[in-house]
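The structure appears right after this line, and notes come after that.
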Amino acid sequence: MNRLLKALWDYRGFIFGSVQREFQSRYSNSLLGGIWTVLNPLAMIVVYTVIFSQVMQARLPGVNNSFSYSIYLCAGVLTWGLFAEIVTRAQNTFLEHANLLKKLSFPRLCLPIIVVANALLNFFIIFGLFSLFLIVSGNFPGLVYVALFPVIAILVLFAIGLGISLGVLNVFFRDVGQFFGIFIQFWFWLTPIVYSSTILPEALRPWMIYNPMYSLITACQGVLVSGQWPVWQNLLPVTLLALVLCAFALRLFRKRAGEMVDEL
């Protein structure tokens, strides 16, 4: 593990340079350039706020706030978006960089690290704008806001453990990526992001604990909508799962890293 961390540290320039190049290339041929980084998430926040709070006047059960559903929706969509971006990009990163892996010698785990760094950069830009909206609209939750950071950290650990595992398997079995692309769409709708878990039938609610994203998404929504601290013991199973997945991913990667180049 120490050798792995040292190798990644030695290639930190490669990682930072790759993140910078990808961010710049995204807007290299546009007139507004990096301004789109702000305009796109800002448009999403405005649409959700105007459509759901003003036009549809959507409300959450038991919450007397005209912006409650918009905040609930943004909290779920943004955190799910971070998870989905890390996992879907990590599962394809070894295939997408096949030529690089064949021509250059560098720690291959740099590639998933670059995926996480890019996803976090995008997320913090969008979430920063969302937080500004909460402040301006008078809905900022206060000190409990800091609870989001450990929740997001658990989410990232879970996403990268799952993403690397799928990424290695996808090199040898290309159906893995195709299957997960379909599976994650069902996973999104099986998680209370656009709806409240209170609308589910009583018989289905106990089964939600088996959805690892349920506790993470609801923790973020609770902080941002109701100003409630997460119930930390509810996050213990997904934290343990994230650690187990990361350990499994590293073991699988080390065992198959040499064979991956031949399969690419």
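Rule-based calculations on the coordinates, nothing more; no lab input. Worth saying up front: this structure is predicted, and the values here are computed from it rather than measured. All Cβ positions, even for glycine, are placed from backbone atoms using ideal geometry, and neighbour counts span all protein chains on display.
Here the 3J(HN,Hα) profile of region 204-210, calculated from phi with Karplus coefficients 6.51, -1.76 and 1.60 at θ = phi - 60°, is 8, 4, x, 6, 5, 5, 8 Hz, Gly and Pro shown as x. Return, ordered by residue number, the residues of region 159-191 whose backbone nitrogen is under 20 Å from a label point located 7 Å along Cα→Cβ of residue 14. Residues 164-165, 167-168, 171 qualify, since their backbone N sits under 20 Å from the label point. Applying the Karplus relation 6.51 cos²θ - 1.76 cosθ + 1.60 with θ = phi - 60° to region 11-23 yields 3J(HN,Hα) values of 9, 4, x, 5, 5, 4, x, 5, 5, 5, 5, 5, 5 Hz, where x marks Gly and Pro.
Annotation: extensible slack from residue 25 through residue 199 equals 58.3 nm (criterion: 0.36 nm per residue apart, minus Cα-Cα distance).
Note on residue 66 and residue 102: the extension gain reaches 7.5 nm, defined as 0.36 nm multiplied by sequence separation minus the Cα-Cα distance. Which FRET efficiency, nearest 0.05, do residue 173 and residue 153 yield, Cβ-Cβ r, R0 35 Å? In this case the efficiency is close to 0.70.
The length gained on full extension between residue 240 and residue 146, counted as 0.36 nm times the residue separation minus their Cα-Cα distance, comes to 31.7 nm.
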